[in-house]
Amino acid sequence: MFNELCYFFNTFEELLSLYLKLETMGENSKSIILDRIKTGLSKAQFREGFSDKYSKEEIYHTPEKPLIEIFEAELVKINGRFHYCEDEGDAVKKLKELNVENELDTVFCSDKNLTGMLSKAEIGCISEFADLDTIKTGVSACEYLIARFGSVLVSSAIAGARKVFSFPHTHIVIAYENQLVLEIEEGIKGVSSKYKNALPSQITNITGPSRTADIEKTLILGAHGPKELIVIIIKSL
């Protein structure tokens, strides 16, 4: 990770200057960071004449694999779950399986297109988010899927909006393959083009289940949002 960051500095002196600033802070909590910087400096390779006009391709290489494969691999890396379906009928079968496996019970979903799918899967659904304790699962659509990071780009314009992204224990996203893009930049441009002058008040990029390591640097899932993220992608016609 650190070696990659080194390429954002034109010279060794620039990176060393940052290192010295951190060292003068004198906080015990910085000792781990400083040790990592020292290790990184000992291994880093610096490019000569790296200008401010570097291309994105120099930092992010264009992958050769299909977007669907990249997305799946990245999502699984960050503890997300991935399911690919040939059509909506296949997605209904997968929802039935998830209901048996996870005991979804009654789920929260305000998207009329998705509530029909849930009904076919014989899963109880409510569209009003009243009692937080009784709702374990939220189902929503998304704006785009970001293959580079295995992320889900959502906005406040989506049915259920902030509630479905934040409160349930499990968040199930149902999307279509044509919503896959490689970079966040492409997704943001797509959202801007879609909503034009009525841009949503919130645009969020969800990367895996909610997590934090603030307390004693111990990773905890579900601290600030859903503990489990499941993405179902339906093959586009």
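Residue by residue, here is whether (1) modelled with pLDDT of 90 or more; (2) within 21 Å of LYS227 (Cβ to Cβ); (3) in contact with a Lys or Arg (Cβ under 7 Å, 6 or more places away or on another chain) holds:
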position: ILE126; (1), (2), (3): no, yes, no
position: ASP133; (1), (2), (3): no, yes, no
position: SER151; (1), (2), (3): yes, yes, no
position: VAL154; (1), (2), (3): yes, yes, no
position: ALA159; (1), (2), (3): no, no, no
position: VAL164; (1), (2), (3): no, yes, no
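Please go through region 159-205 and pick out each residue that is of a type in the set (A, V, I, L, M) and part of a strand (DSSP E or B).
Within region 159-205, ILE172, VAL173, ILE174, ALA175, LEU180, VAL181, ILE203 meet the criteria.
The values are calculated or read from the model by the stated rules, or taken from the named source; none is laboratory data. As the structure is a prediction and not an experimental result, all values here were calculated from the model. Methodologically, a virtual Cβ is constructed for each residue, glycine included, from the backbone with ideal geometry; neighbour enumeration extends over all protein chains shown.
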